[in-house]
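Report on the following structure.
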Amino acid sequence: MDLSNLPRVSLGIFPTPIQRLENISRELGTNVYVKRDDLTGIGLGGNKVRKLEFLLAEAKNQGAEIVFTTGGAQSNHAMLTAASALKLGMKPILILKKRGVTARLGNQLLEHLMGVDVRFVDTDDYADIYAEMDRVGQASGRPYYKIPCGGSNALGSLGYVACAKEIAGQGVHFGYVVCAEGSGGTMAGLALGAKLYLPGTKVYGMMVDTDPFDVITPALMREAAALLGEDLEITPDDYILRDMCGPGYAVSSPEGAAAVSLMAQKEGLFLDPVYTGKAFAGLIAMAKEGAFRPDDNVLFLHSGGAGGLFAVDMD
């Protein structure tokens with residue numbers, strides 16, 4: 001099944017540009033490019049928009065009037081889900097873990113500006129969150145749709161299968177693609193998309209959480225492939241994972257903070273300390289370890305996250 005045959009709403013501005021990072025390339029001794037998925041066009045942009053085009057199409061087709069999702073207090077995914085649901089005429093309700101910065105800063109400020117119903121649950125178990133969604137949804141008496149943390153299910157992962165196909169048509173062959181892996185869907189979609197559309201490209205997922213991504217990634221790849229009618233064998237050779245979590249999820253690491261500063265000072269681009277900063281730190285570490293040759297083309301996925309940058313202390 002071709003991606004174009006699947007239900008999809010129009011939310012983003014695609015294709016997002018690919019730019020060569022001239023100063024970073026000189027610094028790291030290889031050709032480093034950035035895929036500007038921080039410019040996807042709604043909210044402050046970010047990778048979740050691609051996933052939401054598929055997820056919210058299903059929500060609309062099911063007649064949902066309320067859209068629930070979850071994450072931490074500063075979840076970029078939650079903020080973008082709210083913005084996208086509002087644009088499509090649905091009511092977003094965010095049931096968030098009471099973890100991280102809950103004050104009216106960063107993404108919490110953006111949600112306030114949008115007038116979003118935000119509720120916190122003091123738990124570390126997403127089962128409690130999804131049960132609360134059902135309780136609130138059933139009490140409303142209105143049809144509702146639940147989106148998992150990060151939009152990272154098989155349907156959401158198709159957004160990054162589509163991104164890989166987009167990259168294939170942008171004129172540069174990349175030996176490596178590097179992205180953050182925080183809930184699994186972006187990495188799984190890119191790895192599956194590379195298998196379908198980017199022969200010879202290795203996809204690296206820089207893990208910024210402690211979830212078992214060695215299990216999550218191939219499972220999502222298989223499920224997304226099944227949605228496309230593709231019977232593919234997924235093996236460990238189809239993806240590469242690297243631990244960049246540091247002190248913990250949503251906790252800035254020294255390497256990540258240094259990567260945020262380097263990108264800002266060399267290229268005038270802003271990463272965030274939770275996802276893209278740690279992922280770019282992984283790319284820097286690979287370059288210093290000699291993983292890339294001078295003539296290699298390395299693509300870094302800038303998956304957004306600017307909202308969260310304004311809710312943390314980077315000192």
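Find the helices (runs of 4 or more DSSP H) located wholly in the range 123-206 whose residues include 1 or more that are more than 23 Å from Pro17 (Cα to Cα), hydrophobic (A, V, I, L, M, F, W, C) and touching a residue at least 12 places away in the same chain (Cβ under 8 Å), and list them. Lay out the reasoning, then the answer.
Working: elements: 126-140, 154-168, 185-197.
Counting at least 1 such residues, we get 126-140, 154-168.
Looking at Arg222, is it touching a strand residue (DSSP E or B) at 6+ places or on another chain (Cβ under 7 Å) and either in a helix (DSSP H, G or I) or of a type outside the set (A, V, I, L, M) (or both)? Break it down stepwise before answering.
Values: touching a strand residue (DSSP E or B) at 6+ places or on another chain (Cβ under 7 Å): no; either in a helix (DSSP H, G or I) or of a type outside the set (A, V, I, L, M) (or both): yes.
It is false that Arg222 is touching a strand residue (DSSP E or B) at 6+ places or on another chain (Cβ under 7 Å) and either in a helix (DSSP H, G or I) or of a type outside the set (A, V, I, L, M) (or both).
I'd like to know if the range 39-62 contains one or more residues that are outside any helix (DSSP H, G or I), without any contact (Cβ under 8 Å) to a residue 40 or more places away in the chain and surrounded by fewer than 23 Cβ atoms within 10 Å (Cβ to Cβ). Write out each step before concluding.
The first filter runs over the range 39-62 and keeps only residues outside any helix (DSSP H, G or I), leaving 40-47, 62.
Restricting the remaining residues to those that are without any contact (Cβ under 8 Å) to a residue 40 or more places away in the chain gives 41.
Checking which are surrounded by fewer than 23 Cβ atoms within 10 Å (Cβ to Cβ) leaves us with 41.
Yes, because at least one residue in the range 39-62 is outside any helix (DSSP H, G or I), without any contact (Cβ under 8 Å) to a residue 40 or more places away in the chain and surrounded by fewer than 23 Cβ atoms within 10 Å (Cβ to Cβ).
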Among Glu22, Glu58, the single one that is acidic (Asp, Glu), at pLDDT 95 or above and touching a Phe, Trp or Tyr at 6+ places or on another chain (Cβ under 9 Å) is Glu58
Looking for whichever is buried (at least 24 other Cβ atoms within 10 Å of the Cβ) and either small (Gly, Ala, Ser) or in a loop (DSSP other than H, G, I, E, B) (or both) here; the options are Asp313, Asp295, Asp272. Which one fits?
Asp272
Taking Ser140, is it out of contact with any Pro (no Cβ under 8 Å at 6 or more places or on another chain), polar (S, T, N, Q) and surrounded by fewer than 20 Cβ atoms within 10 Å (Cβ to Cβ)?
yes
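Collect the residues in the range 15-27 that are in contact with a Lys or Arg (Cβ under 8 Å, 6 or more places away or on another chain) and surrounded by fewer than 22 Cβ atoms within 10 Å (Cβ to Cβ), keeping them in residue-number order. Spell out the reasoning first.
Just the residues of the range 15-27 that are in contact with a Lys or Arg (Cβ under 8 Å, 6 or more places away or on another chain), to begin with: 16-19, 21, 23-24, 27.
Within the range 15-27, Pro17, Ile18, Gln19, Leu21, Asn23, Glu27 qualify.
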So, of the residues in the range 228-265 that are over 20 Å from the mean Cα position of the chain (by Cα) and of a type in the set (A, V, I, L, M), which turns out to be farthest from Leu309 (Cα to Cα)?
Leu232
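Within the range 78-106, track down each residue that is closer than 17 Å to Met133 by Cα and out of contact with any helix residue (DSSP H, G or I) (no Cβ under 8 Å at 6 or more places or on another chain). So that I can check it myself, show each step before the final result.
Residues of the range 78-106 that are closer than 17 Å to Met133 by Cα, as a first pass: 78-79, 81-82, 85, 90-98.
Result: Lys98, single match.
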What is the number of the single condition among (1) of a type in the set (Asp, Glu); (2) farther than 29 Å from Ala259 by Cα; (3) in contact with a Gly (Cβ under 9 Å, 6 or more places away or on another chain) that Glu230 does not meet?
(3)
Enumerate the pairs (first residue in the range 5-30 and under 30 Å from Ala59 (Cβ atoms); second residue anywhere and assigned to a loop (DSSP other than H, G, I, E, B)) with beta-carbon separation below 6 Å, excluding pairs fewer than 6 apart on the same chain, so at least 6 apart or on different chains.
Leu11/Ile42; Gly12/Thr40; Gly12/Gly41; Ile13/Gly41
Are any residues in the range 298-310 surrounded by 24 or more Cβ atoms within 10 Å (Cβ to Cβ) and not polar (S, T, N, Q), and if so, which ones?
Val298, Leu299, Phe300, Leu301, His302, Gly304, Gly305, Gly307, Gly308
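If a residue has to be touching a residue at least 24 places away in the same chain (Cβ under 8 Å), among the hydrophobic types (A, V, I, L, M, F, W, C) and either at positive phi or surrounded by fewer than 18 Cβ atoms within 10 Å (Cβ to Cβ) (or both) to count, how many in the range 246-257 make the cut? Walk me through how you get there before you give the answer.
Taking the range 246-257 first, the residues touching a residue at least 24 places away in the same chain (Cβ under 8 Å) are 246, 248-250, 252-253, 255-257.
Of the ones still in play, those that are also among the hydrophobic types (A, V, I, L, M, F, W, C) are 250, 257.
Those left that are additionally either at positive phi or surrounded by fewer than 18 Cβ atoms within 10 Å (Cβ to Cβ) (or both): 250.
Qualifying residue count, the range 246-257: 1.
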Is it fair to say Lys195 is surrounded by fewer than 17 Cβ atoms within 10 Å (Cβ to Cβ), farther than 16 Å from Gly305 by Cβ and touching an Asp or Glu at 6+ places or on another chain (Cβ under 7 Å)?
no
Of the conditions (1) assigned to a loop (DSSP other than H, G, I, E, B); (2) free of Cβ contacts under 8 Å to residues at least 60 places away in the same chain, Arg99 clears all except one; give me its number.
(2)
Among (1) surrounded by 17 or more Cβ atoms within 10 Å (Cβ to Cβ); (2) within 30 Å of Gly290 (Cβ to Cβ); (3) not hydroxyl-bearing (Ser, Thr, Tyr), which single condition is Gly12 missing?
(2)
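The values are calculated or read from the model by the stated rules, or taken from the named source; none is laboratory data. Computed from a predicted structure; not experimentally measured. A quick note on method: Cβ atoms are made from the backbone with ideal geometry, for glycine too, and the neighbour counts reach across all protein chains shown.
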